[in-house]
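Please treat every number below as a calculation from the coordinates, not as lab data. Quick caveat: nothing in here was measured; it's all calculated off a predicted structure. FYI the Cβ positions are ideal-geometry reconstructions off the backbone, even for glycines, and counts take in every protein chain you see.
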Amino acid sequence: MIKINSQAFFKQAKKVIPGGVNSPVRAFNAVGGSPIFIKKAKGAYLFDEDGNKYIDFISSWGPMIIGHAHPFIIDSIKKQADYGTSYGIPTALETKIAELAVKMVPNIDKIRFVNSGTEACMSAVRLARGYTNREKVLKFSGCYHGHADSFLIQAGSGASTLGTPNSPGVTKASASNTILVDYNNKEQLIETFKNNGKELAAVILEPIAGNMGCVIPSEGFVELIRELCNEYGVLLIFDEVMTGFRLAPGGAQEVLGVKADIITFGKVIGGGLPVGAFAGKDEIMNFLAPVGPVYQAGTLSGNPIAMSAGLSMLTYLNEHNEVYSSLSEKTNYLRKGMEKALDKTKISYHINSLGSMISLHFSDEPVVDFKTAQKGDNDRFKKYFHGMLDEGVYLPPSAYESYFLNDAISYEDLDFTIKAFEKVVSTL
Ligand SMILES: *Cc1c(COP(=O)(O)O)cnc(C)c1O
C-alpha cells in the first residue's frame, strides 16, 4: 500500500508541528514508517487521505465506543453549535450531564468537569493533597495518568521505590513526592505503606490497566490497596479515564466491586470532544473552590458543545446497556480467532483481555506489570503492526497499548480482521 498523500502531509506537518503530531504515540516512532493521515471516519471505519479504508481498533484511544460519527452524538453537537460555542457562564447542560454521571457511577455525589484526562488526574491529586494535608502520592509503574509532572516518574535505581523524573523538565522535587510500586506486587505495596503510609495523600491507579497493554489486577490486589488506604488514612484514586463508561456504566468500581474515594474520567465521557472529569463524595468534593480551599478552574471547562456530546454519549450508554455485553462478546470472538491463528505457529504469545480491552504480547511470560510488558518481542510487533495496517486493520502503533473495540465493529469486520491476522502471523 503506497501512501502518497499521507506521506506528503506528514512531511509538511513536521515543518510546523514538533514531530508532525500533537501527541507523540501518533508519530509511529515505536513501529517505524510514517503515520497515515485521517480524512474522515464513520462507524467502525477510518478513511485516510489516500482513500484507504481501515477497521479501527483504537476508537480514538477509547472515546468512540459506539463507533465514529454516530448520528445521536453528531446531531446533538450540530444543534448546540447553533446556540453558540462557549459562554464562560453556567449552563443547565452541565447539571444534566453531572446528574447522569452521578446516577451511573457508584459512590459519587459530585463531579467537576475539565478538558482532558491529564487535567482530571492532576486536579484529583491536588484535591487529595489538600484534603489529607499530606504530600506524597503512590503510583504504579506502567500506569499512565496523563502528563502532569507528578506522573512523569520512573522507578529509581536499586532498592529505592522513590521515583526519578522520566522527562527533562520534571523537577527532582516533583519526583521525590511520587513513590513507585510494581503493579500486582502485594509485598512491595505492603512494605511501601509500612515505610510511607502516613505521608501518603493518595494512591492512584488504573484499576484495570490499559497503558502497558491491557493488564488485569490479580486476585485481591485492588482490595488490598483499599484496605491499606483505609488503615493509613490515604485516599484511593481510581483513574478511570480509560475504563470509565467503557467496561460498564459504573466503570471499574462496578466491575471490581471496590469503592474509590476519587474517580477520574476522560475519553468516553466527552463523546469524542475534549472532556475530563473527577468525582467523589460530597465531603471530599466540597474541598474544591469555590466552596472549599483547593483551587481548580478552567475557561473552557464544561464547554457547551463538549457537554452536549458527552451528555448524548452517556445517555446512549445508559439506555443501551446491551452495548457492554455486545462489546465483550466481540472481544472474546476476536481473542479466540487470534489464539487459533497463533496456535498454528511457533510464536510465543500472551493475550490479556477484559470487556472491550484486549492486548496481544509476543512474549514467553504472562504480562502482569510493566516489567513483563517490556519483555515482548518489539521487532515482531513492528512487522505485525505494519502487516495488519497493509491489510486494512488499524491497531495501536505501540506494543504497550491495548486495543479498544467499538460496537460499530461487526462480526463481518471481525472475520475480516481474523483472516488478515492469520495471514500476517504466518509471516512472522
Ligand atoms: C488517556 C489517559 C489519561 C490522559 O488523558 P488525556 O485526555 O490524554 O490527557 C490519563 N489516564 C488514563 C488511564 C488514560 O488512559
Karplus (6.51, -1.76, 1.60) ³J(HN,Hα), θ = phi - 60°, over the range 409-424, in Hz, Gly and Pro reported as x: 5, 9, 5, 5, 4, 5, 4, 4, 5, 5, 4, 4, 4, 4, 5, 5
Tell me, TYR45, TYR333 in order of fewest to most beta-carbon neighbours within 10 Å? TYR333, TYR45
Subset of LYS42/LYS330; LYS15/LYS78; LYS383/LYS419 violating a 23 Å alpha-carbon distance limit: LYS15/LYS78
What is the dipole size for the chain, taken about its Cα centre, with +1 at each Lys and Arg Cβ and -1 at each Asp and Glu Cβ, in debye to the nearest 20? 1000 debye
For the range 61-163, taking Cα atoms only, what is the radius of gyration to one decimal and the Dmax to the nearest whole Å? 18.5, 59
Please get the size of the charge dipole for the range 108-258, origin at its Cα centre, with Cβ charges of +1 on Lys and Arg and -1 on Asp and Glu, quoted in debye to the nearest 20. 440 debye
What are the semi-axes of the equivalent ellipsoid for the chain, taken as the square roots of 5 times the Cα gyration tensor eigenvalues, largest first, in whole Å? 33, 28, 21
Ranked from fewest to most other Cβ atoms within 10 Å of their own Cβ, THR372, THR132 fall in the order THR132, THR372
Listing THR171, THR264 from the residue with the fewest other Cβ atoms within 10 Å to the one with the most, what is the order? THR171, THR264
Within the chain, helix-based [θ] at 222 nm, where runs of 4 or more DSSP H residues each add -39,500 (n - 2.57), nearest 500: -11500 deg cm²/dmol
Rh by Kirkwood over Cα pairs, then Stokes-Einstein D for the range 71-319 at 1.567 mPa s and 4 °C, µm²/s: 71 µm²/s
